[in-house]
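Single-structure report; data block below.
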């Protein structure tokens, strides 16, 4: 609750009294109060020479705070600061003395009225006969009413709840009778509300037209200011170490307003510091004891999520020629790499088929891993086809019609680019498909070597048998033991099955054999030591008689064809 303070009324300087009113002015020297509205124009001076060339004059100023008036001598004189001013305020109070150039002590009049105020200016310190006098009637149109009860809004010592607010009020609870109140904003009555901070005045006027002007200063708290900051570590420019972390701490510090504060964050927390926070935008409402609030917000920044983009080639033929490479997105550079084979580069080479793991760690010590599967490109499969596809090739026929060797190799992943043919008879070729005739009979290996774009190699070998059917039958022999033509022995090749029968002239079978000279690979004989007819008969060592005998040969050649030969043989001694 506050006392009201008197507002000023300024009175302009009083004019000097006329010369013909001197007596009246002297007679009124002791007058303390004149009737309200009466003004005197009497003036009396004791001397007007040199130091006092006219009546004493003065001005006055109203002090609204102290509800009093200050008077200043304005008499025209040349006495400097040596003159003495004596003041009589006409309200029964003691006279006041001041030196020239000094104001009076602020004087409070007891009531709203017209007062006869006189000034005697004594300049005898400068000029022995220089004394000036002036008396004036002054309307004092202010008063201080008794028993005014004033009540103002209050919140913890402030009249306004919040800085910049307008919820203040001034309430005059009691006034003397017949007084009216007009506020400086035009409001009429004992109550004035919706006021902001500052000076608010009112004029109280009684039924006599006397005014009491007062003002009151409504105060407001300082504005609430909030400093919000991240108090957890800084990770190379980020508030969180890794993407997805929840380790940040935010603190808000407030000043102004009226303590204590309450806090409400957008995540429901109610303390000035919150922790275990992920990346997000955080805002807080700070409310003081008077319900004033302030807002603050801050965002937590996290690194981008770490990502691995991997690429790799395939191994081929198990040679360890594959490579793998990773590209890293997000996180904080530089990155460190650790592969499961202890390599530490972004690109690793010379990899075999299998599974490889890479661990990538960024500058904030955040990590991510990936598994890379290295596949092996299968070897090509070498193969070829022989045309004609015979187990045995007739020598003479293949001379005229070469054998074809046609590549039928397979590679499902790439392309075969090289062919190398190797024939056991010494012939070679680099064509994909070749034809060849063998210069002699026999069994020959044919080798095909292939290579694909990856350098993978495969080989295959197939056997080719070149045969011919030949049979030579002699027409005589001389079993005389001289080692020359001692037996009847047909010769041939390309014979698979063979049987020789000898008959005498009467058609009796005297010898059989299944062994053909020169064709031992295919034929067998009944008696190991007999390969041809030596002229003897069964179970006899005696040479048969000279003469003509008949033979019968049944055989099957290597091509599966049967042959039969009949003829005569002459035994000569």
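The values are calculated or read from the model by the stated rules, or taken from the named source; none is laboratory data. Quick caveat, the model's predicted, so the values are computed rather than measured. With ideal geometry, Cβ positions are generated from the backbone for all residues, glycine too; neighbour counts draw on all protein chains shown.
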Among the numbered criteria (1) touching a strand residue (DSSP E or B) at 6+ places or on another chain (Cβ under 8 Å); (2) farther than 30 Å from residue 334 by Cβ; (3) exposed (fewer than 14 other Cβ atoms within 10 Å of the Cβ), which single criterion is violated by residue 178?
-> (1)
Failed item, numbered, when residue 499 is tested on (1) surrounded by fewer than 15 Cβ atoms within 10 Å (Cβ to Cβ); (2) closer than 16 Å to residue 567 by Cα | (1)
Test set (1) surrounded by fewer than 20 Cβ atoms within 10 Å (Cβ to Cβ); (2) not in a loop (DSSP other than H, G, I, E, B) - residue 481 fails condition number | (2)
Failed condition for residue 194, given (1) surrounded by fewer than 20 Cβ atoms within 10 Å (Cβ to Cβ); (2) closer than 29 Å to residue 335 by Cβ | (2)
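Quick grid of which residues meet (1) part of a strand (DSSP E or B); (2) touching a residue at least 40 places away in the same chain (Cβ under 8 Å):
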site: 432; (1), (2): no, no
site: 435; (1), (2): yes, no
site: 440; (1), (2): no, yes
site: 445; (1), (2): yes, no
site: 450; (1), (2): yes, yes
site: 455; (1), (2): no, yes
site: 458; (1), (2): yes, yes
Is at least one residue of segment 508-517 in contact with a strand residue (DSSP E or B) (Cβ under 8 Å, 6 or more places away or on another chain) and closer than 30 Å to residue 404 by Cα?
-> no
Of all residues in segment 91-112, which are in contact (Cβ under 8 Å) with a residue 40 or more places away in the chain and closer than 20 Å to residue 75 by Cα?
-> 106
Output the number of residues of segment 445-477 satisfying the condition of being closer than 27 Å to residue 563 by Cα and surrounded by 14 or more Cβ atoms within 10 Å (Cβ to Cβ).
-> 11
Going by the structure shown, is residue 404 assigned to a strand (DSSP E or B) and over 46 Å from the mean Cα position of the chain (by Cα)?
-> yes
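Each row is one residue, and each column tells you yes or no for (1) at pLDDT below 95; (2) over 25 Å from the mean Cα position of the chain (by Cα).
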position	(1), (2)
338	no, no
342	no, yes
346	no, no
349	no, yes
355	no, yes
366	no, no
370	no, no
379	yes, yes
Answer yes if at least one residue in segment 332-345 is assigned by TED's automatic domain parsing to the domain that holds residue 372 and within 20 Å of residue 247 (Cα to Cα), and no otherwise.
-> yes
